[in-house]
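Below you'll find the structure, written out as structure tokens, and then a few comments.
The values are calculated or read from the model by the stated rules, or taken from the named source; none is laboratory data. These numbers come from a predicted model, not from an experiment. Reconstructed Cβ throughout: ideal geometry from the backbone, glycine too, with neighbour counts over all protein chains shown.
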Amino acid sequence: MNICQGFIECSRIFPDKTAIYFEGAELSYQDLESLSSCAASVLREMGISPGDRVALVLGNIPAFPIWYYGILRIGAIAVSVNTRLTAEEAGFIISDCDAKAVIHLNQSKASFDNCESLKVSEDGASLHGEPLTNQEPLGRGEYLEMEPDAPGIILYTSGTTGFPKGATLSHKNVRSTVHSFNHLCGMVPEDQLLLMVPLFHCYGQNAILNSGLNIGSTIVLQRVFDLAESKALISQQKVTKLFGVPTTFHLMLDACEPSDIESINYCFSAAATLAPQLGEGWMKKFKMPIFEGYGLTETAPFASYNHHLKHVPGSIGIPVDLVEMKVIDPETGKTCPPETPGEIVVRGPNVMLGYWNQPEESARAVRDGWFYSGDVGKMDENGYFYIVDRIKDMIAIGGMKVFPSEVERVLLDAPGVSDCAVVGLPEPVLGEEVAVFVVSSDGNPDPEAIRAYGLENLGQYKVPSRVIYVDELPRNPAGKVLKTELRKYQPAQNSEVVEKNWKARPSLVERLTSTHISSRERMLQSFLQETIQTLTASAVLPSVDTGLLETGMDSLMMVTFATQIQAELGSELELPATLVFDYPRIKDLAVYLLGALGLGSEVSPSPAPETAPAASASDSDIEAMSEEEALEALRKELE
């Protein structure tokens, strides 16, 4: 048995069929087989043996499947590393799994001091600048037969200690989940599958890539989710099945018409809970349901499905093929009766082998073959399961997972932090946002310093968007922080909690209104530039002529960008979901926002409030200034 065997079988049956479509280029099944064979040969000649770990620090590009299958073909273990991590975070994973080699692009951030470094091209066809086909390939269709329970891949997920844990999946784990996706999602060779979720995640890797290539489908690979590009790909490539997370469906519901997705015959959402209102809105507009799956990295990830026989809104469905699920009482371990909440546990061929080199964590997570999910759920009389709450404190942001303990571990070393606790607070578009409650060590709260420290040491999506200062954290008698109390936080209802972050400043509208009309556009441009620089953790401020899609923001960052603008505007203006696509450059967006607010050049400035800062320079003063003097005047005004 081998994870790669399905794709190799398809390369014999459909050699000339397109396996991967990427940015106008096509890779046939024969091409993918040949290049992955050469990659396998390279690794074997380097001395990589069955069971050795090889890390992939690659995004959604053709190089990923080429080298991923090359690793698997010789029986080595593929370790996919989140490309959004900092160098230190990626380095921890590479060290923890004791990787013998790391495959990456030239611009990769991670440190590879203790293992072989393989620099590949985006198309995967060259290594260190030399054509990969110069290498003698393995035999046609050759791969190493592995025991079903032999480790095949490791995907890292954060744990209760705040350090990532490597969920180790066997060849049987992945093959079983591939079978379930093929069967339950109705995949066929004629399908065109849009793959816009990250390949380094279990969802993109197993649910779409491995499952699609196992059945002979074409993978329409998208570098990152981009609404305009997704719409174009669906239309141009006649995409038949749409796999996404709730955030992507939310954006597409607002931006697409039925004619935009008329080739789609099936929609599937996972990675976060789908709001009932979103499912209802999608059904009403597009006349098809969004089917949901439930699972975790530790279950490869498919555990339950809502469902090809009967779709029940709000449910996570019933267990997939060969899998068992039940709800147990965490105190007694006994199975709960219907409609009674308890912990969801899962057993079947999809359940991981354990966490890499973490025997104690593995023993806690998997007991007698049952994986303890940490999710609170219930089952109805018909055997359909429902998520009620989470035992674990994981935060879900647009499908990305953030574990508070990891963020806390980093921020406790931030300047001015005596104690802190991280929770998820509701956020209308992404589902949740990261909030940190901080006890100051010096009495001088500085939320921007905390965020800056976070950006240096955490992936961007893990950095708190809210910094809330408190005198002390609520704790139970045993000293454990009561995060349930923190999640009840409401600024208007908790006067004893002082929130001192950028939201406490005058709103963007107030600042624009109190600024001289001649300086408003420049001020708004500066706000947009600085917001983008913070999101991307770039050392360079983007130019106002820069296209928003060229700033380095991925889909999650763009949604966060639009959300932060909406938060600054409050109820003054309702922004469209397609904002960053309708106004492609920073200066275009600034002009639109000023006009929509009635603060553009054709409108007289509103009188400044009594507490407004000193008046800006007059028009005649500005006209007499040099560009350098005008910029300096603006800088002082913004301060």
Matching option when the condition is within 27 Å of Ala150 (Cα to Cα), in contact with a strand residue (DSSP E or B) (Cβ under 9 Å, 6 or more places away or on another chain) and of a type in the set (Asp, Glu), among Glu292, Glu343, Glu298: Glu298
Subset of the range 307-334 [touching a Gly at 6+ places or on another chain (Cβ under 7 Å) and modelled with pLDDT of 90 or more]: Ile318, Leu322, Val323, Glu324, Val327, Ile328, Asp329
Those residues of the range 171-196 which are more than 19 Å from Asn265 (Cα to Cα) and either touching a strand residue (DSSP E or B) at 6+ places or on another chain (Cβ under 8 Å) or not basic (Lys, Arg) (or both), in sequence order: His171, Asn173, Val174, Ser176, Thr177, Val178, His179
Residue check, Asn134 surrounded by fewer than 23 Cβ atoms within 10 Å (Cβ to Cβ), closer than 20 Å to Pro62 by Cβ and out of contact with any strand residue (DSSP E or B) (no Cβ under 7 Å at 6 or more places or on another chain): yes
Residue list for the range 535-547, restricted to those being at pLDDT below 85 and crowded, with 19+ Cβ neighbours inside 10 Å: Leu535
Restricting the range 328-342 to residues that are within 17 Å of Asp375 (Cβ to Cβ) and without any contact (Cβ under 8 Å) to a residue 40 or more places away in the chain, the residue that is surrounded by the fewest Cβ atoms within 10 Å (Cβ to Cβ): Glu331
Only one of Val434, Val438 that is free of Cβ contacts under 8 Å to residues at least 40 places away in the same chain, closer than 22 Å to Thr297 by Cβ and part of a strand (DSSP E or B): Val434
Hits in the range 289-305 - residues which are more than 19 Å from the chain's Cα centre (by Cα), farther than 15 Å from Gly244 by Cα and outside any strand (DSSP E or B): Ala303
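Yes or no, residue by residue, for (1) under 18 Å from Ile208 (Cα atoms); (2) touching a strand residue (DSSP E or B) at 6+ places or on another chain (Cβ under 8 Å); (3) in contact (Cβ under 8 Å) with a residue 60 or more places away in the chain:
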position	(1), (2), (3)
Arg53	no, yes, yes
Leu58	yes, yes, yes
Ile61	yes, yes, yes
Trp67	yes, yes, no
Gly70	no, no, no
Gly75	no, no, yes
Val79	yes, yes, yes
Ala87	no, no, no
Residues within the range 137-155 that are crowded, with 16+ Cβ neighbours inside 10 Å and modelled with pLDDT of 95 or more, tallied: 9
Qualifying residue in the range 185-196 (condition: of a type in the set (S, T, N, Q) and in contact with a helix residue (DSSP H, G or I) (Cβ under 8 Å, 6 or more places away or on another chain)): no
All positions within the range 426-448 that are of a type in the set (A, V, I, L, M) and at pLDDT below 90: Val429, Leu430, Val439
Pairs, first more than 17 Å from Thr177 (Cα to Cα) in the range 344-361, second assigned to a loop (DSSP other than H, G, I, E, B), C-beta under 7 Å, six or more apart: Trp356/Cys97; Glu361/Gly159
Qualifying residues in the range 308-317 (those that are surrounded by fewer than 20 Cβ atoms within 10 Å (Cβ to Cβ) and touching a residue at least 60 places away in the same chain (Cβ under 8 Å)) - the one nearest to the chain's Cα centre (by Cα): Gly314
From Thr248, Thr273, residue being β-branched (Val, Ile, Thr) and outside any loop (DSSP other than H, G, I, E, B): Thr248
Inter-residue pairs, beta-carbon under 8 Å, first among the aromatic types (Phe, Trp, Tyr) and in the range 246-262, second part of a helix (DSSP H, G or I), 6+ apart: Phe249/Leu278; Phe249/Trp282
Close pairs from the range 530-549: first assigned to a strand (DSSP E or B), partner of a type outside the set (A, V, I, L, M, F, W, C) and buried (at least 17 other Cβ atoms within 10 Å of the Cβ), Cβ under 8 Å, at least 6 apart: Gly547/Arg585
Some residue of the range 280-287 being aromatic (Phe, Trp, Tyr), within 30 Å of Met1 (Cα to Cα) and either surrounded by fewer than 23 Cβ atoms within 10 Å (Cβ to Cβ) or under 23 Å from the mean Cα position of the chain (by Cα) (or both): no
Selection from the range 256-270 of residues that are β-branched (Val, Ile, Thr) and either in a loop (DSSP other than H, G, I, E, B) or surrounded by fewer than 15 Cβ atoms within 10 Å (Cβ to Cβ) (or both): Ile264
Some residue of the range 17-30 being within 15 Å of Ala78 (Cβ to Cβ), under 30 Å from the mean Cα position of the chain (by Cα) and assigned to a helix (DSSP H, G or I): no
Any hit, the range 170-185, residues being over 19 Å from Gly295 (Cα atoms) and in a loop (DSSP other than H, G, I, E, B): no
Subset of the range 156-199 (residues that are of a type in the set (Phe, Trp, Tyr) and surrounded by fewer than 24 Cβ atoms within 10 Å (Cβ to Cβ)): Phe163
Among (1) free of Cβ contacts under 8 Å to residues at least 40 places away in the same chain; (2) farther than 20 Å from Gly374 by Cβ, the one test that Glu292 misses: (2)
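For (1) out of contact with any helix residue (DSSP H, G or I) (no Cβ under 9 Å at 6 or more places or on another chain); (2) farther than 14 Å from Leu118 by Cα; (3) in a strand (DSSP E or B); (4) not aliphatic (A, V, I, L, M), each residue gets a yes or a no:
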| site | (1), (2), (3), (4) |
| --- | --- |
| Glu33 | no, yes, no, yes |
| Val42 | no, no, no, no |
| Trp67 | no, no, no, yes |
| Ile71 | no, no, no, no |
Count of the range 306-345 residues which are out of contact with any Cys (no Cβ under 7 Å at 6 or more places or on another chain) and part of a strand (DSSP E or B): 11
